Each structure stands twice: as structure tokens, then as C-alpha cells.
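Student: First the structure, then my questions, so here it is.
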Amino acid sequence: MKKFCLSCSSLNWKILGVLISALILYSCDTGKKYHSFKPGELWLDDKDIHINAHGGGILYDNGRYYWFGEHKTEGSGGNVANVGVHCYSSKDLYNWKDEGIALSVEPEGSGSPIEKGCVLERPKVIYNAKTGKYVMWFHLELKGMGYSAAQSGVAVSDRVTGPYKFIRAGRPNPGKWASNTSEEMKNMEMPQNSGPYPGSSLPMHPDSLNIHKRDYEGGQMARDMNLFVDDDGKAYHIYASEENSTLHIAQLTDDYTDHNGNYVRCFVGRFMEAPAMFKHEGKYYLMMSGCTGWAPNAARSAVAESIMGEWKELGNPCIDADSALTYHSQSTFILPVQGKPGKFIYMGDRWQPENAIDGRYIWLPIEFEGERFIIPWRDEWTWK
Ligand code: GAL
């Protein structure tokens, strides 16, 4: 018969206690593996997997940040949407919890505009206080059609992390002129060669081609995009239009799921992509890139007193080595840090088109200098 040993049993309890404390300490520690940003390095989520949320944006909701972005897969084929939009959440912006796929692509062959293999880029989510819904917008290119569709997709959810339900895709504002379209442009004869020009290699100044008029009936092209919600609750869709030559800023309807017909054409013929907007001390700021596909180029910036313009260009906000290549990145979002007025974070993508899943994130502080904002390089930094 086994003898009961008091000293052994208390020793066992002690060992168990030590093990439990070590486990608690370990799990706290794994929950907080980062205490700073290290731009360009692998960035692991709570499951120790590199964050997969490219071309992303962030919504702050009920005390947490939610990061939505393109879920990429391995290889060069990983740039198309094989999975959908991935969501992560965080309280401190350094440590991110995998919240799963917020919007899934539809099965191959389903005929859905968001079927597997489409191009679904730069998703952004905003919350509509009137309807209580989370609204996601994204750039959509139909499967097998390259970048010619130039559409915007919308999806909604009752929960921030999803699942989001796809409701519609199309081109913004069919049958509507921008509020700053000249009468001359409306009445201009269409030039002979005003067909669909691929990419940004237009043979003439875009206004001579009058792409705006060409697309009047069917809606304006919309590729790289962002959303911005103003202090008065009005939301705006900002997108590269007119064969990427001209940026549009378009107001959304009160429920944020459609355009309301009020929009402007900005930076005509400047070929801006990757727009990211923020507001500081009553002024609106935009950061954008030029048009060189996945390859980085020099960023641009602009300021305006009113969201619909006039916009004034301020030049490249990057100031340190490799500023001409935006530190090998392209803007995707500018994040206001909650409860810290004047603190903003530049979020950029360092694309890896040959192995899309390995794309890195370049997050850097925004500083203000006179009327412009600047982005210094940091190897490592904290937002506090
Ligand atoms: C970039 C754009 C990306 C993606 C890429 C495709 O210019 O910002 O979102 O569309 O082109 O080449």
C-alpha cells in the first residue's frame, strides 16, 4: 500500500505553483512581445505568424484598434485575392491578435464580383453611428480582367471583426459630373483616341482626352483608395480615377454604403496613387505616391482648408536617406493615435511582389514643420 507522504505532497504543490506562475508569466509575456515599432522587420501576431494585412487601414472601436488589410499568399500569384480581408486587433498598436478573415472571397466559378482570384485591394472600414453598421470599402478588379474594371466594392457587418457581407461593386457616380467640372469639359467633343488607355501611359494630357466625360455614363474609374470620416460624421471616398491621372474625393451617403453624387476632381494630370488623408488643427492633409506599380517612388503631400479643396501640394514629406523612395514603401493609411491629439502614424507597405505574403510594414511618426508634415526615418521607435 502506498504511504501518504505529507512533505512530498506539499513539495508537489510548490512545484505546481511555480509551474503555474511561470505559465502565467509566459502567457503575459507572449501577449506583449513587442514594446516598439521596428519598420520593415517581420511583425508577428499572437500566433507568431507575420501579420497578413497589406494595403491596410485601421479603425479604432470600443477601446481597441482593428487593422484590416489584404490577406496575401505565397509567390507572385499571392497578390490576387485568394482568401479575402484579414483583421487583427490591438490595444497598444505593437501587439496584434489575429481576428481572422473579416471578408471572404466567394468560391471560384461562383460568378461573384469578389470570387477567388479577383483583385481586392486597400480595404478600409468605418463605423456608421446612425445605422450601427461597420462598412468596408475596397478597390475591386474583376477576375481575369487585369486592372481594367477599376471598381469599388462595399461590404457591411454588425460586428467590427465581421463576417462582412458583400453588397455591391461598381464605379462611383455614374451620370454625375464632379462639382468642379468646367462647362467646356462637359461640352467638349470626344477626341478620336479616347478609348481605354491602360495604366498611366496616356498619349496626351488627361483633360485633352477627357476621360472624365468618357466615363460619365458608366461611372468614374476608382483604383487605389481610402476613406475619411470628418468630425461632422460625413464620410468620403478618395480614389485614383481617370486612368490614375486624377484623384477624386467623393462624399458618401449618410449610411456610408454609396456615393451621394457630390465629388471633386483634384490634382488633375498628377498621377497620384495610394491616398491617405488625415486632419490636424482644422486642416486636411493628404499623402500620396506616384504611379510605378509595386515599385516605390517619391511620396507627395498636400494641404487644404476644406476637404473638397482647393488642395495645395507640399512636396515629399520624407526627409531622410531613401526619401526619394519613401523608405521603400507606399502609403496606405495615416493613423491618429487615440487620446493623443497631434500624434499620427504613417502606415506604408513595402511590397514584395515576387512573394506577396512577405510584404513588410513601414510605420513611422508624423511630425509637423510649419505648414507641412514630415516623416523622419526611425530604425525603432514608440508612439508614446
Ligand atoms: C500599386 C498600387 C497597389 C497595387 C499595385 C499593382 O501602384 O498602389 O495597390 O494596385 O499598384 O501593380
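Student: Please compare each pair in LYS116/LYS279; LYS143/LYS165; LYS165/LYS186; LYS133/LYS176; LYS33/LYS143 to a cut-off of 31 Å on the Cα-Cα distance and tell me which ones are over it.
Tutor: LYS116/LYS279; LYS165/LYS186; LYS33/LYS143
Student: With the cut-off at 21 Å, report for region 289-384 the share of all Cα pairs above it, as a whole percent.
Tutor: Of all Cα-Cα pairs in region 289-384, 35 percent lie more than 21 Å apart.
Student: Could you tell me whether region 213-283 comes out rounded, prolate or oblate from its Cα gyration tensor? Rule is a ≥ b ≥ c as square roots of the eigenvalues, rounded for a/c under 1.5, then prolate if a/b exceeds b/c, otherwise oblate.
Tutor: Oblate.
Student: In vacuum, with every alpha carbon of the chain counted as one equal point scatterer, what does the Debye formula give for log10 I(q)/I(0) at q = 0.08, 0.09, 0.13 Å⁻¹? Two decimals, please.
Tutor: Computed log10 I(q)/I(0) values: -0.42, -0.52, -1.05.
Student: Now, a different point. Could you tell me what percent of the DSSP beta bridges with both partners in the chain are antiparallel, to the nearest 5?
Tutor: Antiparallel bridges: around 100 percent, rounded to the nearest 5.
Student: For region 106-112, just list the computed ³J(HN,Hα) in residue order, Karplus coefficients 6.51, -1.76 and 1.60, θ = phi - 60°, integers in Hz, with x standing in for Gly and Pro.
Tutor: Those phi angles translate into 8, x, 4, x, 6, x, 5 Hz.
Student: Gap in Å between the Cα centre of region 93-159 and the Cα centre of region 337-384?
Tutor: 24
Student: Taking 0.36 nm per residue of separation and subtracting the Cα-Cα distance, what length does fully extending ASP231 through SER36 add? Let's see the in-between values first.
Tutor: Details: separation 195, 0.36 × 195 = 70.20 nm, distance 2.98 nm.
Full extension of this stretch gives 67.2 nm more.
Student: Does region 257-299 come out rounded, prolate or oblate, given a ≥ b ≥ c as the square roots of the eigenvalues of its C-alpha gyration tensor, rounded meaning a/c under 1.5 and, failing that, prolate meaning a/b above b/c?
Tutor: Working: a/c = 2.04, a/b = 1.36, b/c = 1.50.
Because a/c hits 1.5 or more and a/b fails to exceed b/c, region 257-299 counts as oblate.
Student: List the trypsin sites (Lys or Arg not before Pro) within region 131-171 that DSSP assigns to loop and that have no more than 16 neighbouring Cβ atoms inside 10 Å.
Tutor: Working: sites: LYS133, LYS143, ARG159, LYS165, ARG168; in loops: LYS143, ARG159.
Taking region 131-171 and a limit of 16 other Cβ atoms within 10 Å, the loop trypsin sites (Lys or Arg not before Pro) found are ARG159.
Student: Separate question: Using unit Cβ charges (K, R positive; D, E negative) and no other charged atoms, how large, in debye to the nearest 20, is the dipole of the chain about its Cα centre?
Tutor: Rounded to the nearest 20 debye, it is 1400 debye.
Student: Pick out, in residue order, every one of the GluC sites (Glu not before Pro) in region 333-384 that is DSSP loop and has at most 13 other C-beta atoms within 10 Å; say none if there are none.
Tutor: Here the GluC sites (Glu not before Pro) that fit, given the DSSP loop and packing criteria, are GLU371, GLU380.
Student: Next question, about the same structure. Could you work out how much longer the chain between TRP381 and THR73 gets when fully extended? Use 0.36 nm per residue separation minus the Cα distance between them, nm to one decimal.
Tutor: Result: 108.0 nm gained on full extension.
Student: Taking Rh as the Kirkwood radius computed over C-alpha pairs, what is the Stokes-Einstein D of region 37-112 at 37 °C in a medium of viscosity 0.692 mPa s, expressed in µm² per second?
Tutor: 247
Student: Expressed as a fraction of 2.2 N^0.38 Å, the rule-of-thumb size for a compact globular protein of N residues, what is the C-alpha radius of gyration of region 35-179?
Tutor: So the Cα radius of gyration is 1.08 times the expected 2.2 N^0.38 Å.
Student: Give me the orientation-averaged projected area of the Cα convex hull of region 284-345, in nm², one decimal.
Tutor: Dividing the Cα hull surface by four gives the mean projection, 5.0 nm².
Student: Now for a different question. Pulled fully out, how much extra length does the chain show between MET204 and GLU313, if you take 0.36 nm times their separation in residues and subtract their Cα-Cα distance?
Tutor: Additional length available on full extension: 37.0 nm.
Student: Can you tell me how region 74-144 classifies by the Cα gyration tensor, rounded, prolate or oblate, using a/c under 1.5 as the rounded cut? Display every interim value, and only then the final one.
Tutor: On the way: a/c = 2.45, a/b = 1.40, b/c = 1.74.
Cα axes put region 74-144 in the oblate bin.
Values quoted throughout were computed directly from the atomic coordinates according to the rules given, and no laboratory measurement underlies them. All of these numbers come straight from a predicted model, not from anything done at the bench. Reconstructed Cβ throughout: ideal geometry from the backbone, glycine too, with neighbour counts over all protein chains shown.
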